[in-house]
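Undergrad: Structure below; questions to follow.
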Amino acid sequence: MDYVTYLDRIGWSIDKIVTYLVWLAKKESNAIGFYPKSNYEAALRRDRIIIAWQADHPCGFLFWSRCQGHRPGAIKINQIAIQKDAQRMTNATRLLTQLMNHEHAADRNRIILHCAEDLEANLFWRALGFVHTYTSRPRNARRREINTWEWAAVCNFGELHPITPQPTDTLLHEINQPIINDGSQTQAKEE
């Protein structure tokens with residue numbers, strides 16, 4: 001069953017989905033930044049948004065694009081958001097797995113994303129095997145440092161699924177440990 005047929009079956013129109021995306025993006029704007037409504041509409045038309053569902057209701061989304069220029073062959077995660085009442089590692093991990101198996105992304109072997117340095121999401125990306133590659137100094141309106149995270153596969157996404165979360169207790173232990181740059185890659189600061 002194609003996506004539009006599925007949406008019709010459960011009573012969700014494209015307009016209703018866009019309204020949901022804008023609502024969740026506004027709610028999570030401190031963490032994911034801003035895109036205008038027209039960007040979500042265009043991304044849906046190009047099949048660049050993956051929706052997380054629970055009981056036929058959306059609970060989050062992943063908005064992605066193909067990198068151009070100095071990072072050809074990579075996928076960029078523009079935004080990923082999960083509703084607070086559905087924030088479990090499984091929902092975000094499921095979105096990433098769907099991205100890796102997406103027909104338009106299957107030929108890509110690298111995922112790149114940016115995450116503000118002060119967000120707990122940095123621990124999530126590290127737990128999934130992403131590597132911190134760079135921290136940009138504040139040039140944004142909020143004066144926040146932004147971490148760049150990358151995940152690279154040694155073969156096609158369809159053949160390799162290296163996203164293996166660490167045990168929850170490891171993440172809970174690290175949740176209050178700041179991410180620091182030691183010059184080679186990011187590590188949790190020792191107490």
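Undergrad: Taking 0.36 nm per intervening residue step and subtracting the Cα-Cα distance, what contour gain separates Val131 from Glu145 on full extension?
TA: Using 0.36 nm per residue and subtracting the Cα-Cα distance, I get 3.4 nm.
Undergrad: Whole-Hz Karplus ³J(HN,Hα) for the stretch 118-135, in order, using 6.51 cos²θ - 1.76 cosθ + 1.60 and θ = phi - 60°, x for Gly and Pro?
TA: Working through the residues one at a time gives 8, 9, 5, 4, 4, 5, 4, 4, 5, 4, 8, x, 6, 10, 6, 10, 6, 10 Hz.
Undergrad: In nm, to one decimal, how far is the Lys84 label point from the Cys67 one, both placed 7 Å along Cα→Cβ?
TA: Inter-label distance under the simple model: 3.4 nm.
Undergrad: A further question on this structure: What does the net charge come to around Thr19 if you take all other residues with beta carbon closer than 13 Å to its beta carbon, with K and R at +1 and D and E at -1?
TA: Summing Lys and Arg as +1 and Asp and Glu as -1 gives +2.
A short reminder: the numbers here are calculations on the coordinates, not readings from a lab. Fair warning: this is a prediction, and the values are worked out from it, not measured in the lab. Here the Cβ is made from the backbone with ideal geometry for all residues, glycine too, and neighbour counts use every protein chain on show.
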